[in-house]
Amino acid sequence: MNTETASIHNHDSNNGGNRAGKNVPIQTVVIVGGGTAGWMTATALSRVLPPTYRLRLVESDAISTIGVGEATIPSIRAFNQLVNLDEDEFMRQTQATFKLGIEFVNWGKQGDSYIHGFGVIGRDQVVAKFYQYWLKMYQLGEAPDLEHFSINTVAPRQHKFMRAPKDMPNSPLADISYAFHFDAGLYAKYLRSKAEQQGTQRTEGKIVDTIVRESDGFIEALLMENGERIDGDLFIDCSGLAALLIEKTLKTGYEDWSHWLPADSAIAVPCASAGPLLPYTRSTAHSAGWQWRIPLQHRTGNGHVFSSKFMSADEAQAILLNNLDGEALADPRLIRFTTGKRKKAWNKNCVAIGLSGGFMEPLESTSIHMVQTAIMRLISLFPDQGFNQVDIDTYNAQNDEEYQRIRDFLIMHYKLNTKVGSPFWEYCQNMSVPDDVQKRIDLYRSHGRIFRIGEELFAETSWLQVMHGQGLRAESYHPLVDHRSKEDIAYFLDQVQKTIRKCVDVMPSHAEFIASHCKAM
(Lines give C-alpha, C1' and ligand atoms only; values in the text may rest on other atoms or scores of the structure.)
Protein backbone atom coordinates (compact mmCIF):
# COMPACT_ATOMS: atom_id res chain seq x y z
CA MET A 1 0.00 0.00 0.00
CA ASN A 2 1.47 3.34 -0.99
CA THR A 3 0.92 5.97 1.67
CA GLU A 4 2.22 9.04 -0.11
CA THR A 5 0.16 12.20 -0.30
CA ALA A 6 0.06 14.87 -2.95
CA SER A 7 -1.43 18.27 -3.47
CA ILE A 8 -3.51 19.10 -6.53
CA HIS A 9 -2.37 21.77 -8.94
CA ASN A 10 -4.75 23.00 -11.64
CA HIS A 11 -3.14 23.78 -14.94
CA ASP A 12 -4.81 24.33 -18.31
CA SER A 13 -2.72 22.79 -21.04
CA ASN A 14 -3.02 20.56 -24.07
CA ASN A 15 -0.33 18.22 -22.79
CA GLY A 16 -1.39 14.70 -21.90
CA GLY A 17 -3.61 13.98 -24.89
CA ASN A 18 -6.35 15.50 -26.99
CA ARG A 19 -9.71 14.80 -25.40
CA ALA A 20 -11.40 15.02 -28.78
CA GLY A 21 -8.95 12.45 -30.11
CA LYS A 22 -11.29 9.63 -31.13
CA ASN A 23 -9.23 6.84 -32.71
CA VAL A 24 -6.04 8.63 -31.65
CA PRO A 25 -4.07 6.07 -29.64
CA ILE A 26 -2.89 6.77 -26.15
CA GLN A 27 0.85 7.30 -26.03
CA THR A 28 1.78 7.07 -22.35
CA VAL A 29 0.27 4.98 -19.54
CA VAL A 30 1.42 5.90 -16.04
CA ILE A 31 0.95 3.46 -13.14
CA VAL A 32 1.18 5.01 -9.69
CA GLY A 33 2.31 2.53 -7.05
CA GLY A 34 4.08 -0.80 -7.22
CA GLY A 35 3.30 -3.74 -4.97
CA THR A 36 1.20 -6.61 -6.21
CA ALA A 37 -1.43 -4.47 -7.95
CA GLY A 38 1.05 -2.17 -9.69
CA TRP A 39 3.34 -4.88 -10.99
CA MET A 40 0.50 -7.18 -12.03
CA THR A 41 -0.87 -4.27 -14.05
CA ALA A 42 2.50 -3.42 -15.55
CA THR A 43 3.28 -7.03 -16.45
CA ALA A 44 -0.07 -7.61 -18.15
CA LEU A 45 -0.11 -4.30 -20.06
CA SER A 46 3.51 -4.64 -21.15
CA ARG A 47 2.57 -8.03 -22.54
CA VAL A 48 -0.48 -6.93 -24.55
CA LEU A 49 0.22 -3.30 -25.53
CA PRO A 50 2.11 -2.67 -28.79
CA PRO A 51 5.62 -1.19 -28.44
CA THR A 52 4.27 2.18 -29.62
CA TYR A 53 2.82 2.66 -26.12
CA ARG A 54 5.03 3.97 -23.35
CA LEU A 55 4.42 2.32 -19.99
CA ARG A 56 5.78 3.92 -16.80
CA LEU A 57 5.44 2.81 -13.20
CA VAL A 58 6.16 5.25 -10.36
CA GLU A 59 6.86 3.92 -6.87
CA SER A 60 8.83 4.89 -3.81
CA ASP A 61 11.17 2.49 -2.04
CA ALA A 62 10.43 4.40 1.17
CA ILE A 63 6.72 3.52 1.10
CA SER A 64 5.57 0.18 2.48
CA THR A 65 3.04 -2.18 0.95
CA ILE A 66 0.32 -4.32 2.50
CA GLY A 67 1.18 -8.00 2.18
CA VAL A 68 -2.15 -9.54 3.15
CA GLY A 69 -2.82 -10.80 -0.36
CA GLU A 70 -0.87 -14.01 0.03
CA ALA A 71 -3.75 -16.40 -0.61
CA THR A 72 -5.42 -16.65 -4.00
CA ILE A 73 -8.21 -18.44 -5.86
CA PRO A 74 -7.83 -20.58 -9.02
CA SER A 75 -8.29 -17.69 -11.46
CA ILE A 76 -4.72 -16.56 -10.65
CA ARG A 77 -3.50 -19.42 -12.83
CA ALA A 78 -5.09 -17.80 -15.89
CA PHE A 79 -3.30 -14.55 -15.12
CA ASN A 80 0.04 -16.31 -14.70
CA GLN A 81 -0.51 -18.01 -18.05
CA LEU A 82 -1.40 -14.67 -19.69
CA VAL A 83 1.91 -13.16 -18.59
CA ASN A 84 3.74 -16.36 -19.52
CA LEU A 85 4.98 -17.49 -16.11
CA ASP A 86 6.33 -21.02 -15.74
CA GLU A 87 4.40 -22.39 -12.77
CA ASP A 88 7.25 -24.26 -11.11
CA GLU A 89 9.60 -21.29 -11.49
CA PHE A 90 6.90 -18.98 -10.12
CA MET A 91 6.46 -21.29 -7.12
CA ARG A 92 10.19 -21.30 -6.38
CA GLN A 93 10.58 -17.54 -6.82
CA THR A 94 7.68 -16.69 -4.49
CA GLN A 95 8.08 -19.43 -1.82
CA ALA A 96 4.63 -20.61 -2.87
CA THR A 97 2.49 -23.54 -1.78
CA PHE A 98 -0.67 -24.95 -3.30
CA LYS A 99 -4.20 -24.23 -2.11
CA LEU A 100 -7.23 -26.49 -2.53
CA GLY A 101 -9.65 -24.38 -0.50
CA ILE A 102 -10.25 -22.60 2.80
CA GLU A 103 -11.00 -24.22 6.14
CA PHE A 104 -13.41 -22.32 8.40
CA VAL A 105 -13.00 -23.14 12.09
CA ASN A 106 -15.50 -22.07 14.80
CA TRP A 107 -17.54 -20.04 12.32
CA GLY A 108 -20.85 -21.69 13.16
CA LYS A 109 -20.59 -22.99 16.70
CA GLN A 110 -17.39 -23.45 18.71
CA GLY A 111 -15.67 -26.59 17.48
CA ASP A 112 -17.26 -26.54 14.02
CA SER A 113 -15.04 -26.92 10.97
CA TYR A 114 -15.74 -27.08 7.26
CA ILE A 115 -13.77 -26.59 4.07
CA HIS A 116 -14.88 -24.41 1.20
CA GLY A 117 -13.11 -26.32 -1.53
CA PHE A 118 -12.50 -25.26 -5.12
CA GLY A 119 -13.87 -27.29 -8.00
CA VAL A 120 -16.79 -29.65 -8.37
CA ILE A 121 -18.83 -31.69 -5.91
CA GLY A 122 -19.81 -35.18 -7.01
CA ARG A 123 -21.19 -35.72 -10.51
CA ASP A 124 -24.14 -33.64 -11.66
CA GLN A 125 -26.98 -35.59 -13.27
CA VAL A 126 -29.25 -34.74 -16.18
CA VAL A 127 -32.29 -34.06 -14.02
CA ALA A 128 -30.67 -32.31 -11.04
CA LYS A 129 -27.36 -31.26 -9.53
CA PHE A 130 -25.42 -33.85 -7.56
CA TYR A 131 -25.94 -32.04 -4.29
CA GLN A 132 -29.72 -32.37 -4.61
CA TYR A 133 -29.40 -36.16 -4.48
CA TRP A 134 -27.06 -35.81 -1.54
CA LEU A 135 -29.52 -33.45 0.18
CA LYS A 136 -32.29 -36.04 0.08
CA MET A 137 -30.13 -38.71 1.70
CA TYR A 138 -28.56 -36.29 4.17
CA GLN A 139 -31.99 -35.14 5.33
CA LEU A 140 -32.89 -38.80 5.85
CA GLY A 141 -29.75 -39.27 7.94
CA GLU A 142 -28.34 -41.73 5.40
CA ALA A 143 -25.45 -39.77 3.88
CA PRO A 144 -22.27 -38.33 5.39
CA ASP A 145 -21.46 -34.64 5.29
CA LEU A 146 -20.96 -32.76 2.04
CA GLU A 147 -17.17 -32.65 2.51
CA HIS A 148 -16.86 -36.34 1.57
CA PHE A 149 -17.95 -35.79 -2.03
CA SER A 150 -15.26 -33.53 -3.49
CA ILE A 151 -11.61 -34.35 -4.01
CA ASN A 152 -10.84 -30.71 -3.13
CA THR A 153 -12.20 -31.22 0.39
CA VAL A 154 -11.13 -34.83 1.01
CA ALA A 155 -7.49 -34.38 -0.09
CA PRO A 156 -6.64 -31.39 2.16
CA ARG A 157 -7.82 -33.20 5.29
CA GLN A 158 -5.04 -35.71 4.56
CA HIS A 159 -2.54 -32.99 3.54
CA LYS A 160 -2.45 -34.43 0.00
CA PHE A 161 -1.90 -32.62 -3.29
CA MET A 162 -1.21 -33.18 -6.96
CA ARG A 163 -1.99 -31.37 -10.18
CA ALA A 164 -4.85 -32.75 -12.25
CA PRO A 165 -3.47 -35.37 -14.68
CA LYS A 166 -4.24 -34.69 -18.34
CA ASP A 167 -4.67 -38.35 -19.27
CA MET A 168 -7.46 -39.24 -16.79
CA PRO A 169 -10.48 -37.14 -17.86
CA ASN A 170 -13.07 -39.33 -16.13
CA SER A 171 -11.31 -39.56 -12.78
CA PRO A 172 -11.94 -37.31 -9.78
CA LEU A 173 -8.22 -36.52 -10.06
CA ALA A 174 -9.08 -34.54 -13.18
CA ASP A 175 -11.38 -32.38 -11.05
CA ILE A 176 -8.57 -31.07 -8.83
CA SER A 177 -8.75 -27.29 -8.85
CA TYR A 178 -6.10 -25.26 -7.11
CA ALA A 179 -4.68 -21.84 -6.39
CA PHE A 180 -1.61 -20.68 -4.50
CA HIS A 181 -0.32 -19.18 -1.29
CA PHE A 182 2.69 -16.98 -1.99
CA ASP A 183 4.80 -14.17 -0.60
CA ALA A 184 3.18 -11.08 -2.13
CA GLY A 185 6.39 -9.07 -1.90
CA LEU A 186 8.33 -11.74 -3.77
CA TYR A 187 5.54 -12.01 -6.36
CA ALA A 188 5.71 -8.26 -7.01
CA LYS A 189 9.51 -8.48 -7.33
CA TYR A 190 9.22 -11.41 -9.74
CA LEU A 191 6.63 -9.61 -11.88
CA ARG A 192 8.72 -6.45 -11.86
CA SER A 193 11.58 -8.31 -13.54
CA LYS A 194 9.18 -9.56 -16.23
CA ALA A 195 7.58 -6.14 -16.77
CA GLU A 196 10.90 -4.34 -17.06
CA GLN A 197 12.14 -6.94 -19.54
CA GLN A 198 9.02 -6.17 -21.59
CA GLY A 199 9.70 -2.44 -21.64
CA THR A 200 8.07 -1.00 -18.53
CA GLN A 201 10.04 2.02 -17.29
CA ARG A 202 10.23 2.23 -13.49
CA THR A 203 10.68 5.60 -11.78
CA GLU A 204 11.64 5.56 -8.12
CA GLY A 205 10.61 8.51 -6.02
CA LYS A 206 7.86 10.27 -4.16
CA ILE A 207 5.01 12.16 -5.82
CA VAL A 208 4.52 15.62 -4.33
CA ASP A 209 1.99 17.17 -6.70
CA THR A 210 -0.65 16.15 -9.21
CA ILE A 211 -1.49 18.46 -12.10
CA VAL A 212 -5.03 18.44 -13.51
CA ARG A 213 -6.40 20.40 -16.44
CA GLU A 214 -8.83 23.18 -15.55
CA SER A 215 -10.81 22.59 -18.76
CA ASP A 216 -11.99 19.05 -17.94
CA GLY A 217 -10.40 17.92 -14.67
CA PHE A 218 -8.34 15.21 -16.34
CA ILE A 219 -5.00 14.31 -14.78
CA GLU A 220 -2.20 15.73 -16.87
CA ALA A 221 1.01 14.99 -14.99
CA LEU A 222 2.72 14.01 -11.76
CA LEU A 223 5.41 16.13 -10.13
CA MET A 224 8.11 14.23 -8.31
CA GLU A 225 10.04 15.21 -5.20
CA ASN A 226 13.20 15.60 -7.31
CA GLY A 227 11.44 18.06 -9.63
CA GLU A 228 10.76 15.65 -12.51
CA ARG A 229 7.43 16.00 -14.28
CA ILE A 230 5.79 12.78 -15.55
CA ASP A 231 3.13 13.38 -18.18
CA GLY A 232 0.63 10.75 -19.23
CA ASP A 233 -2.60 10.08 -21.11
CA LEU A 234 -3.99 7.26 -18.95
CA PHE A 235 -3.21 7.08 -15.23
CA ILE A 236 -3.69 3.87 -13.24
CA ASP A 237 -3.94 4.30 -9.48
CA CYS A 238 -2.32 1.37 -7.68
CA SER A 239 -1.43 3.44 -4.63
CA GLY A 240 -3.35 1.21 -2.21
CA LEU A 241 -5.54 2.60 0.55
CA ALA A 242 -3.94 6.02 0.02
CA ALA A 243 -5.92 6.29 -3.27
CA LEU A 244 -3.61 9.08 -4.31
CA LEU A 245 -5.19 9.81 -7.69
CA ILE A 246 -8.71 8.38 -7.64
CA GLU A 247 -9.62 10.01 -4.31
CA LYS A 248 -7.08 12.58 -3.16
CA THR A 249 -6.91 14.14 -6.60
CA LEU A 250 -10.27 13.39 -8.27
CA LYS A 251 -12.48 13.26 -5.13
CA THR A 252 -14.39 10.28 -6.51
CA GLY A 253 -16.15 9.27 -3.28
CA TYR A 254 -16.47 5.97 -1.43
CA GLU A 255 -19.33 3.56 -0.78
CA ASP A 256 -19.06 2.32 2.82
CA TRP A 257 -20.27 -1.24 3.48
CA SER A 258 -19.06 -1.53 7.07
CA HIS A 259 -22.64 -1.88 8.39
CA TRP A 260 -22.70 -5.29 6.66
CA LEU A 261 -19.01 -6.15 7.03
CA PRO A 262 -18.08 -4.51 10.35
CA ALA A 263 -14.45 -5.66 10.62
CA ASP A 264 -12.31 -2.55 10.08
CA SER A 265 -8.84 -3.55 11.28
CA ALA A 266 -6.25 -6.26 10.86
CA ILE A 267 -3.01 -7.15 12.61
CA ALA A 268 -0.57 -9.15 10.48
CA VAL A 269 2.56 -11.06 11.50
CA PRO A 270 4.61 -13.88 9.94
CA CYS A 271 5.74 -16.81 12.05
CA ALA A 272 7.99 -19.85 11.73
CA SER A 273 6.49 -22.88 10.03
CA ALA A 274 5.26 -25.74 12.20
CA GLY A 275 3.46 -29.01 11.60
CA PRO A 276 2.56 -30.51 8.21
CA LEU A 277 2.48 -28.26 5.15
CA LEU A 278 -1.25 -27.79 4.65
CA PRO A 279 -2.66 -27.28 1.13
CA TYR A 280 -5.33 -24.84 2.29
CA THR A 281 -5.86 -21.52 4.00
CA ARG A 282 -7.37 -21.56 7.48
CA SER A 283 -9.81 -18.99 8.88
CA THR A 284 -10.48 -19.32 12.61
CA ALA A 285 -13.23 -17.24 14.19
CA HIS A 286 -12.44 -15.34 17.40
CA SER A 287 -14.67 -13.22 19.63
CA ALA A 288 -14.78 -10.14 17.37
CA GLY A 289 -13.41 -11.34 14.07
CA TRP A 290 -11.21 -14.08 12.65
CA GLN A 291 -7.61 -15.17 12.13
CA TRP A 292 -6.03 -16.19 8.86
CA ARG A 293 -3.28 -18.78 8.51
CA ILE A 294 -1.45 -18.99 5.16
CA PRO A 295 1.32 -21.61 4.87
CA LEU A 296 4.29 -20.74 2.66
CA GLN A 297 7.42 -22.76 2.02
CA HIS A 298 9.60 -20.58 4.26
CA ARG A 299 7.14 -19.29 6.85
CA THR A 300 3.47 -18.97 7.77
CA GLY A 301 1.49 -15.78 7.21
CA ASN A 302 -0.95 -14.85 9.97
CA GLY A 303 -3.38 -12.07 10.66
CA HIS A 304 -6.30 -11.18 12.89
CA VAL A 305 -9.18 -9.32 11.22
CA PHE A 306 -11.40 -7.64 13.82
CA SER A 307 -13.87 -4.86 14.52
CA SER A 308 -12.47 -1.97 16.55
CA LYS A 309 -15.99 -1.28 17.82
CA PHE A 310 -15.95 -4.60 19.65
CA MET A 311 -12.25 -5.14 20.44
CA SER A 312 -9.15 -3.04 21.08
CA ALA A 313 -6.04 -3.40 18.95
CA ASP A 314 -4.06 -4.56 21.99
CA GLU A 315 -6.53 -7.34 22.70
CA ALA A 316 -6.60 -8.35 19.05
CA GLN A 317 -2.81 -8.50 18.94
CA ALA A 318 -2.66 -10.61 22.07
CA ILE A 319 -5.16 -13.10 20.63
CA LEU A 320 -3.14 -13.35 17.42
CA LEU A 321 0.22 -13.82 19.13
CA ASN A 322 -1.25 -16.45 21.46
CA ASN A 323 -2.54 -18.47 18.50
CA LEU A 324 0.55 -18.70 16.29
CA ASP A 325 1.99 -22.07 15.28
CA GLY A 326 5.58 -20.92 15.70
CA GLU A 327 7.80 -18.03 16.76
CA ALA A 328 6.81 -14.59 15.41
CA LEU A 329 9.34 -13.46 12.79
CA ALA A 330 8.55 -9.72 12.80
CA ASP A 331 6.71 -7.08 14.77
CA PRO A 332 2.92 -7.18 14.26
CA ARG A 333 1.55 -4.53 11.86
CA LEU A 334 -1.81 -2.81 12.34
CA ILE A 335 -3.88 -2.06 9.22
CA ARG A 336 -7.04 0.04 9.30
CA PHE A 337 -9.62 -0.17 6.51
CA THR A 338 -13.24 0.44 5.59
CA THR A 339 -14.88 -2.30 3.56
CA GLY A 340 -16.46 -0.89 0.43
CA LYS A 341 -15.55 0.54 -2.95
CA ARG A 342 -15.01 3.75 -4.87
CA LYS A 343 -18.18 5.18 -6.37
CA LYS A 344 -16.38 5.01 -9.70
CA ALA A 345 -13.36 2.80 -10.33
CA TRP A 346 -12.73 4.67 -13.58
CA ASN A 347 -13.04 8.44 -13.29
CA LYS A 348 -11.97 10.70 -16.19
CA ASN A 349 -8.58 9.37 -17.32
CA CYS A 350 -7.81 7.50 -14.09
CA VAL A 351 -8.52 3.83 -13.31
CA ALA A 352 -8.16 2.54 -9.74
CA ILE A 353 -6.84 -1.02 -9.50
CA GLY A 354 -6.34 -2.86 -6.23
CA LEU A 355 -6.97 -1.36 -2.80
CA SER A 356 -7.24 2.16 -4.25
CA GLY A 357 -10.51 0.99 -5.85
CA GLY A 358 -11.97 -0.66 -2.77
CA PHE A 359 -11.32 -3.05 0.08
CA MET A 360 -12.93 -6.45 0.48
CA GLU A 361 -11.60 -8.14 3.58
CA PRO A 362 -9.43 -11.21 2.83
CA LEU A 363 -11.99 -13.75 4.06
CA GLU A 364 -12.28 -15.54 0.70
CA SER A 365 -8.93 -14.46 -0.78
CA THR A 366 -10.48 -12.23 -3.43
CA SER A 367 -8.10 -9.24 -3.35
CA ILE A 368 -5.63 -10.44 -5.98
CA HIS A 369 -8.47 -11.82 -8.10
CA MET A 370 -10.06 -8.38 -8.16
CA VAL A 371 -6.77 -6.85 -9.30
CA GLN A 372 -6.71 -9.41 -12.07
CA THR A 373 -10.29 -8.81 -13.25
CA ALA A 374 -9.78 -5.04 -13.15
CA ILE A 375 -6.75 -5.41 -15.41
CA MET A 376 -8.61 -7.67 -17.84
CA ARG A 377 -11.61 -5.33 -17.84
CA LEU A 378 -9.31 -2.41 -18.65
CA ILE A 379 -7.72 -4.35 -21.50
CA SER A 380 -11.14 -5.20 -22.95
CA LEU A 381 -12.28 -1.55 -22.71
CA PHE A 382 -8.90 0.05 -23.35
CA PRO A 383 -9.42 3.70 -24.37
CA ASP A 384 -8.08 5.94 -27.05
CA GLN A 385 -7.52 9.63 -26.38
CA GLY A 386 -11.23 10.26 -26.82
CA PHE A 387 -12.02 8.48 -23.52
CA ASN A 388 -15.54 7.57 -24.61
CA GLN A 389 -17.91 7.86 -21.65
CA VAL A 390 -19.93 4.77 -22.59
CA ASP A 391 -16.77 2.66 -22.26
CA ILE A 392 -16.05 4.18 -18.86
CA ASP A 393 -19.65 3.64 -17.72
CA THR A 394 -19.54 0.00 -18.86
CA TYR A 395 -16.32 -0.57 -16.93
CA ASN A 396 -17.80 0.93 -13.79
CA ALA A 397 -21.05 -1.03 -14.09
CA GLN A 398 -19.15 -4.32 -14.41
CA ASN A 399 -16.86 -3.38 -11.54
CA ASP A 400 -19.83 -2.50 -9.31
CA GLU A 401 -21.54 -5.79 -10.07
CA GLU A 402 -18.41 -7.78 -9.22
CA TYR A 403 -17.90 -5.97 -5.92
CA GLN A 404 -21.53 -6.34 -4.90
CA ARG A 405 -21.65 -10.08 -5.57
CA ILE A 406 -18.42 -10.74 -3.66
CA ARG A 407 -19.71 -8.50 -0.85
CA ASP A 408 -22.88 -10.59 -0.62
CA PHE A 409 -20.87 -13.83 -0.43
CA LEU A 410 -18.78 -12.44 2.42
CA ILE A 411 -21.88 -11.16 4.25
CA MET A 412 -23.31 -14.69 4.13
CA HIS A 413 -20.45 -16.01 6.29
CA TYR A 414 -21.18 -13.49 9.04
CA LYS A 415 -24.96 -13.55 8.86
CA LEU A 416 -25.24 -17.31 9.25
CA ASN A 417 -23.08 -17.70 12.35
CA THR A 418 -24.79 -19.29 15.35
CA LYS A 419 -22.56 -18.08 18.16
CA VAL A 420 -24.02 -17.23 21.55
CA GLY A 421 -22.74 -14.61 24.00
CA SER A 422 -20.56 -12.58 21.61
CA PRO A 423 -21.77 -9.02 20.93
CA PHE A 424 -19.92 -8.91 17.60
CA TRP A 425 -21.32 -12.17 16.27
CA GLU A 426 -24.80 -11.47 17.62
CA TYR A 427 -24.72 -8.13 15.78
CA CYS A 428 -23.92 -10.03 12.59
CA GLN A 429 -26.72 -12.54 13.19
CA ASN A 430 -29.29 -9.79 13.68
CA MET A 431 -28.19 -7.31 11.01
CA SER A 432 -30.38 -6.70 7.99
CA VAL A 433 -28.72 -7.86 4.78
CA PRO A 434 -29.10 -6.93 1.10
CA ASP A 435 -32.23 -8.35 -0.51
CA ASP A 436 -30.26 -10.69 -2.77
CA VAL A 437 -28.58 -12.29 0.26
CA GLN A 438 -31.89 -12.86 2.02
CA LYS A 439 -33.42 -14.31 -1.16
CA ARG A 440 -30.54 -16.77 -1.47
CA ILE A 441 -31.01 -17.85 2.15
CA ASP A 442 -34.77 -18.27 1.69
CA LEU A 443 -34.39 -20.12 -1.61
CA TYR A 444 -31.88 -22.57 -0.19
CA ARG A 445 -33.89 -23.13 2.98
CA SER A 446 -36.96 -24.04 0.91
CA HIS A 447 -35.70 -26.75 -1.46
CA GLY A 448 -31.92 -26.39 -1.42
CA ARG A 449 -31.92 -24.36 -4.61
CA ILE A 450 -28.99 -22.14 -5.57
CA PHE A 451 -28.70 -20.00 -8.67
CA ARG A 452 -25.67 -18.09 -9.85
CA ILE A 453 -26.38 -14.45 -10.67
CA GLY A 454 -24.94 -13.36 -14.02
CA GLU A 455 -21.18 -13.81 -14.21
CA GLU A 456 -20.55 -13.57 -10.47
CA LEU A 457 -17.32 -15.03 -9.16
CA PHE A 458 -18.60 -17.67 -6.78
CA ALA A 459 -20.33 -20.69 -8.27
CA GLU A 460 -23.27 -22.63 -6.84
CA THR A 461 -20.91 -25.10 -5.14
CA SER A 462 -19.26 -22.24 -3.23
CA TRP A 463 -22.56 -20.88 -1.95
CA LEU A 464 -23.60 -24.44 -1.05
CA GLN A 465 -20.48 -25.18 0.98
CA VAL A 466 -20.68 -21.94 2.93
CA MET A 467 -24.41 -22.05 3.61
CA HIS A 468 -24.30 -25.68 4.69
CA GLY A 469 -21.01 -25.23 6.53
CA GLN A 470 -22.44 -22.30 8.49
CA GLY A 471 -25.39 -24.39 9.59
CA LEU A 472 -28.15 -23.34 7.18
CA ARG A 473 -30.28 -26.39 6.46
CA ALA A 474 -32.58 -26.96 3.53
CA GLU A 475 -36.04 -28.11 4.58
CA SER A 476 -36.53 -30.19 1.45
CA TYR A 477 -34.86 -30.99 -1.88
CA HIS A 478 -35.60 -30.83 -5.59
CA PRO A 479 -38.72 -33.00 -6.09
CA LEU A 480 -37.44 -34.49 -9.36
CA VAL A 481 -34.72 -36.25 -7.41
CA ASP A 482 -37.44 -38.76 -6.48
CA HIS A 483 -37.40 -40.15 -10.01
CA ARG A 484 -34.62 -42.42 -8.72
CA SER A 485 -35.15 -44.87 -5.91
CA LYS A 486 -33.59 -44.26 -2.53
CA GLU A 487 -31.47 -47.40 -2.98
CA ASP A 488 -30.19 -46.23 -6.36
CA ILE A 489 -29.24 -42.81 -4.95
CA ALA A 490 -27.51 -44.41 -1.97
CA TYR A 491 -25.45 -46.61 -4.30
CA PHE A 492 -24.61 -43.61 -6.49
CA LEU A 493 -23.38 -41.54 -3.51
CA ASP A 494 -21.41 -44.47 -2.13
CA GLN A 495 -19.60 -44.99 -5.45
CA VAL A 496 -18.68 -41.32 -5.69
CA GLN A 497 -17.35 -41.35 -2.15
CA LYS A 498 -15.33 -44.56 -2.62
CA THR A 499 -13.82 -43.38 -5.92
CA ILE A 500 -12.66 -40.09 -4.37
CA ARG A 501 -11.11 -41.92 -1.41
CA LYS A 502 -9.19 -44.25 -3.72
CA CYS A 503 -7.87 -41.30 -5.71
CA VAL A 504 -6.74 -39.45 -2.60
CA ASP A 505 -4.98 -42.59 -1.35
CA VAL A 506 -2.58 -42.50 -4.32
CA MET A 507 -1.86 -38.79 -4.11
CA PRO A 508 1.47 -37.64 -2.64
CA SER A 509 1.55 -35.34 0.34
CA HIS A 510 1.58 -31.63 -0.30
CA ALA A 511 5.15 -31.37 1.00
CA GLU A 512 6.31 -34.30 -1.16
CA PHE A 513 4.80 -32.79 -4.29
CA ILE A 514 6.49 -29.44 -3.70
CA ALA A 515 9.81 -31.13 -2.93
CA SER A 516 9.62 -33.00 -6.24
CA HIS A 517 8.49 -30.14 -8.48
CA CYS A 518 8.94 -26.62 -7.19
CA LYS A 519 10.84 -26.35 -3.92
CA ALA A 520 12.44 -22.94 -3.35
CA MET A 521 16.21 -22.97 -3.05
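The values are calculated or read from the model by the stated rules, or taken from the named source; none is laboratory data. Being a predicted model, the structure only gives us computed values, none of them experimental. Every residue, glycine as well, gets a Cβ built from its backbone with ideal geometry; the counts of neighbours run over all protein chains shown.
Ser307 meets the conditions (1) under 17 Å from Ala71 (Cβ atoms); (2) crowded, with 19+ Cβ neighbours inside 10 Å in every case but one. The failed one is (1). For segment 263-285, the set of residues classified as closer than 18 Å to Arg333 by Cβ and of a type outside the set (Asp, Glu) consists of Ala263, Ser265, Ala266, Ile267, Ala268, Val269, Pro270, Cys271, Ala272, listed by residue number. Cβ separations smaller than 8 Å between residues 6+ apart or across chains give the following pairs from segment 389-407 residues that are crowded, with 19+ Cβ neighbours inside 10 Å to residues that are of a type in the set (Lys, Arg) and assigned to a helix (DSSP H, G or I): Tyr395/Arg377; Asn399/Arg377.
Let's see how each residue does on (1) free of Cβ contacts under 8 Å to residues at least 12 places away in the same chain; (2) part of a helix (DSSP H, G or I); (3) surrounded by fewer than 22 Cβ atoms within 10 Å (Cβ to Cβ); (4) under 20 Å from the mean Cα position of the chain (by Cα):
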{"site": "Pro169", "(1), (2), (3), (4)": "yes, no, yes, no"}
{"site": "Phe180", "(1), (2), (3), (4)": "no, no, no, yes"}
{"site": "Gly185", "(1), (2), (3), (4)": "no, yes, yes, yes"}
{"site": "Tyr190", "(1), (2), (3), (4)": "no, yes, yes, yes"}
{"site": "Glu196", "(1), (2), (3), (4)": "yes, yes, yes, no"}
{"site": "Thr203", "(1), (2), (3), (4)": "no, no, yes, no"}
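The set of residues in segment 53-70 being of a type outside the set (D, E, K, R) and at pLDDT 95 or above consists of Tyr53, Leu55, Leu57, Val58.
All of Gln95, Gln110 fail the test of being outside the structural domain of Gly469 (by TED's automatic domain parsing) and more than 21 Å from Pro276 (Cα to Cα), apart from Gln110. Filtering segment 311-342 to residues that are of a type in the set (Lys, Arg) and surrounded by 14 or more Cβ atoms within 10 Å (Cβ to Cβ) leaves Arg333, Lys341, Arg342. Consider segment 371-388 and keep the residues that are in contact with a strand residue (DSSP E or B) (Cβ under 8 Å, 6 or more places away or on another chain) and closer than 16 Å to Trp39 by Cα. The one that is surrounded by the fewest Cβ atoms within 10 Å (Cβ to Cβ) is Leu378. The residues in segment 420-432 that are surrounded by fewer than 18 Cβ atoms within 10 Å (Cβ to Cβ) and touching a Phe, Trp or Tyr at 6+ places or on another chain (Cβ under 9 Å) can be counted, and the count is 6. Filtered by the rule that a residue be of a type in the set (Gly, Ala, Ser) and under 16 Å from Lys160 (Cβ atoms), segment 467-508 gives no residues.
Taken together, the residues in segment 84-110 that are touching a strand residue (DSSP E or B) at 6+ places or on another chain (Cβ under 6 Å) and part of a strand (DSSP E or B) amount to 7. For segment 439-452, a residue qualifies if it is of a type outside the set (Lys, Arg) and surrounded by 13 or more Cβ atoms within 10 Å (Cβ to Cβ), and the qualifying residues are Ile441, Leu443, Tyr444, His447, Gly448, Ile450.
Every residue, every condition in (1) within 22 Å of Gln372 (Cα to Cα); (2) part of a strand (DSSP E or B); (3) touching a Ser or Thr at 6+ places or on another chain (Cβ under 9 Å), yes or no:
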position: Gly217; (1), (2), (3): no, no, no
position: Leu222; (1), (2), (3): no, yes, yes
position: Ile230; (1), (2), (3): no, yes, yes
position: Leu241; (1), (2), (3): yes, no, yes
position: Ile246; (1), (2), (3): yes, no, yes
position: Lys251; (1), (2), (3): no, no, no
